[in-house]
Every structure is written in C-alpha cells, then in structure tokens.
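The values are calculated or read from the model by the stated rules, or taken from the named source; none is laboratory data. Everything quoted here is computed from the prediction, not taken from an experiment. Heads up, the Cβs are rebuilt from the backbone with ideal geometry, glycines too, and the neighbour counts pull from every protein chain shown. Heads up: the accessible areas ignore ligands, DNA and RNA and are worked out on the full protein's heavy atoms, side chains in. Shrake-Rupley method; radii C 1.70, N 1.55, O 1.52, S 1.80 Å.
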Amino acid sequence: MKLRVVSASHHLHTVREGEPLPDLTPTLKQVCRERPRRVDRFIELALLGSGLCVQGRQLKPDCGLYLGSGFGPMGSNVAVQEQLLRDRECPKPFDFMNILGASAGFHVARNLGLKGPNLFISRRGASLEAALVAVQADMQLGIVSQALLGVVEEVTLPLDQHRQRHEWHADTPVAEGSHWLLLEKDGTAGKPLRLVRLSDLKELEDYLQAYYSPSGRIYWSLGGEAAVIGALSQRFMAHTPIDSGIHDSQPAAWVAEYAASDESGPLLLIGIGPGESYRLLHLGP
C-alpha cells in the first residue's frame with residue numbers, strides 16, 4: 001500500500017556532557033493553542049514535533065494519531081521508581097499519569113483538536129515501522145484517510161545512567177528526537193511512502209535493482225549481517241549517516257529528515273524481518 005507524505009518535521013538535539021536539556025518553551029508557544037501544564041519532557045517533545053509538522057494545515061476530521069517510541073517517557077518512569085524505591089514515598093500524581101505513553105497522545109490530540117484513533121506503539125529499534133503498520137491497516141479498512149505519525153525519544157540525565165539503560169558504550173553520543181509525518185492515502189501531493197515485505201535476499205536485491213538511484217539514499221536499520229550489508233553496499237552505495245547523537249528510534253530521524261528535505265531521489269530503509277526475510281521502507285519515487 002502506498003501512502004503520501006504531505007508534511008514532515010524533524011527535531012534532533014544532541015545532548016552534550018554536563019549541559020542541561022534545552023528549554024522547549026519558546027517553540028511550544030508557537031505551536032500550542034494553550035500553555036501546556038503538568039507535562040513531562042516526553043510530552044513536550046511530542047507537542048513540539050506534531051505542532052511543527054501540521055503548522056498552517058487544516059487536518060481532516062478523521063485524522064488519526066499514531067505515536068511510536070522505543071523507550072517511551074523515560075523521565076517520568078525514572079522519577080516514579082525513585083520515589084517508590086529510593087524515597088519510600090507514593091509517586092507524585094502527574095509523574096504517575098505521565099508514565100503512560102498514551103498521555104502524550106492525549107495532549108497532542110487536545111492541542112490539535114484531533115478526534116480520530118489515538119494509538120501509542122512501543123517497539124525497540126523499530127518503532128517507526130510498527131506505527132506505520134498500524135497506519136496502513138487503518139487506511140486499508142477506511143477508518144482514517146489521514147494520519148499523523150510521530151516517533152519521540154527523550155534523554156534522561158545524568159547521561160551515564162541514560163547510556164546504561166540503553167546498554168550503550170560509555171562514550172556514545174546521545175540525542176533526543178521528535179520526528180513526524182503527516183500521511184494521506186490519496187492525492188498527488190508530497191512524497192510516496194510504502195512499507196514492503198521481502199521474503200529473502202534475492203527479492204531484496206531485485207527490489208534494489210529496480211528502484212535504486214545514485215541520487216537517493218540507502219540506510220540499514222538496526223541488525224543485519226555484516227557480510228550481506230557489505231556486499232549490497234558495494235553494489236548500491238549504501239549511505240552511512242553521520243549523526244552527532246543517537247537514540248533508540250534513529251531510523252525515524254533519517255526518514256523524517258529526508259521527508260522534510262527538498263531531495264528528490266528515493267530513500268530505501270532496509271531492516272531485518274523474522275527468519276530470513278527483510279522489511280523495506282521506501283520513501284520517494
């Protein structure tokens with residue numbers, strides 16, 4: 001099934017050692033109808049990215065909201081665990097409410113006036129693809145004709161503990177991100193987007209042969225055998241992104257950045273599926 005990306009926003013901020021998290025208030029004032037209250041960092045990032053993505057656009061009455069994340073609202077979860085286990089106290093009510101990723105969806109829907117489906121989907125390393133599958137299903141069933149898809153990852157301080165929670169090396173540069181796509185099923189505006197399932201390496205090679213363009217990009221998602229990646233990279237010039245900082249849903253950052261750009265070639269994001277299969281996200285012609 002082919003969708004159209006009619007708008008996109010991309011926020012990725014590398015958090016430097018010893019520096020505080022940046023204040024999002026100035027930008028939130030530009031994209032929020034009301035001043036958000038009693039929200040955590042995760043919700044602020046969701047409001048920021050979604051607001052920038054749809055700024056100046058009229059959303060359809062059935063527009064659905066699909067929010068993905070690998071780790072979800074880590075800051076509120078850490079706060080609640082510390083209050084319960086370290087301080088032997090009941091958690092603060094709003095910390096407890098905000099441990100659910102669905103709380104971010106509530107605030108985004110309220111800010112944008114959305115009344116369609118509102119889903120929060122968490123899957124480590126593949127949150128974008130997981131949320132996109134839900135969008136495709138609802139589009140095919142006619143539940144929605146427009147979908148706002150976002151992926152949010154936050155950073156918790158101190159950074160050494162944040163890296164431990166992700167099982168990253170001690171020198172890994174880390175970033176927070178909010179990456180959003182506004183999708184429609186019909187029309188000619190924007191860039192086409194589809195998620196393809198390929199049963200084996202031969203099908204993957206045939207697909208790349210048909211759609212690869214030197215003006216586009218090929219990315220590998222998390223996982224994959226080094227020999228296979230190396231062989232295909234030599235034939236199709238796989239792109240090696242230079243990221244100043246990473247988070248669990250890095251493929252969403254690549255896709256949203258490319259969707260928001262003026263580049264015209266295809267972006268092909270390859271991931272490993274169950275068994276010997278592959279999944280491929282194709283953005284562009």
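Probing with 1.4 Å while keeping every protein chain in the model, the per residue accessible area of the chain equals 48 Å². Per-residue 3J(HN,Hα) values for segment 115-128, derived from phi via the Karplus relation 6.51 cos²θ - 1.76 cosθ + 1.60 with θ = phi - 60°, read 10, x, x, 9, 10, 10, 10, 10, 8, 4, x, 8, 5, 4 Hz in sequence order (x marks Gly and Pro). The percentage of C-alpha pairs in segment 1-110 whose separation is greater than 15 Å is 70%. In this simple spin-label approximation, Arg235 and Gln58 carry label points 7 Å from Cα along the Cα→Cβ vector, and these lie 4.9 nm apart. Annotation: aspartates and glutamates with alpha-carbon distance below 15 angstrom to Lys185 (same-chain offsets under eight excluded): Asp62, Asp138. Estimate the FRET efficiency between Leu201 and Val133 by the formula 1/(1 + (r/R0)^6), using the beta-carbon distance for r and 35 Å for R0, to the nearest 0.05. Rounded to the nearest 0.05, the efficiency is 0.95.
Enumerate the lysines that Lys29 could reach by cross-link, defined here as Cα to Cα under 17 Å, with residues fewer than 8 away along the same chain left out. Those lysines meeting the cut-off do not exist here.
Among the chymotrypsin sites (Phe, Trp or Tyr not before Pro) in segment 84-154, none is located in a DSSP loop while being surrounded by at most 15 other Cβ atoms within 10 Å of its own Cβ. Between Thr25 and Glu82, full extension at 0.36 nm per residue minus the direct alpha carbon distance yields a gain of 17.9 nm. Positive contributions from Lys and Arg (+1) and negative ones from Asp and Glu (-1), summed over other residues with Cβ under 14 Å from the Cβ of Arg279, come out at -1. Karplus-based coupling profile of segment 142-159, in residue order and whole Hz: x, 6, 9, 10, 9, 9, 9, 10, x, 10, 10, 9, 10, 10, 10, 9, x, 5, with θ = phi - 60° in 6.51 cos²θ - 1.76 cosθ + 1.60 and x standing for Gly or Pro.
For Val174, the residues 5 or more places off, or on other chains, whose built amide H falls under 5 Å of its own are Val15, Ile246. Taking the protein heavy atoms of segment 36-171 in the context of the full set of protein chains, the accessible area attributed to carbon and sulfur is 53 percent at 1.4 Å.
Ordered from largest to smallest accessible area (heavy atoms of protein chains, 1.4 Å probe), the residues Lys115, Lys92, Lys29 come out as Lys115, Lys29, Lys92.
With contacts taken as Cα pairs under 8 Å and at least 6 residues apart, the chain reaches a relative contact order of 27 percent.
Length available on full extension from Ser261 to Arg33: 0.36 nm per residue minus the Cα-Cα distance, which gives 79.4 nm.
Computed from Cα positions, the angle between helix 201-211 and the longest principal axis of the chain comes to roughly 80 degrees. In the chain, the ratio of gyration radius to Kirkwood radius, Rg to Rh, stands at 0.97 when only Cα atoms are counted.
For segment 54-203, the square roots a ≥ b ≥ c of the C-alpha gyration tensor eigenvalues yield an a/c of 1.5 or more together with a/b not exceeding b/c, which makes the shape oblate. Here Lys115 is the anchor, and the lysines within straight C-alpha reach of less than 17 Å, apart from those fewer than 8 places off in the same chain, are Lys60.
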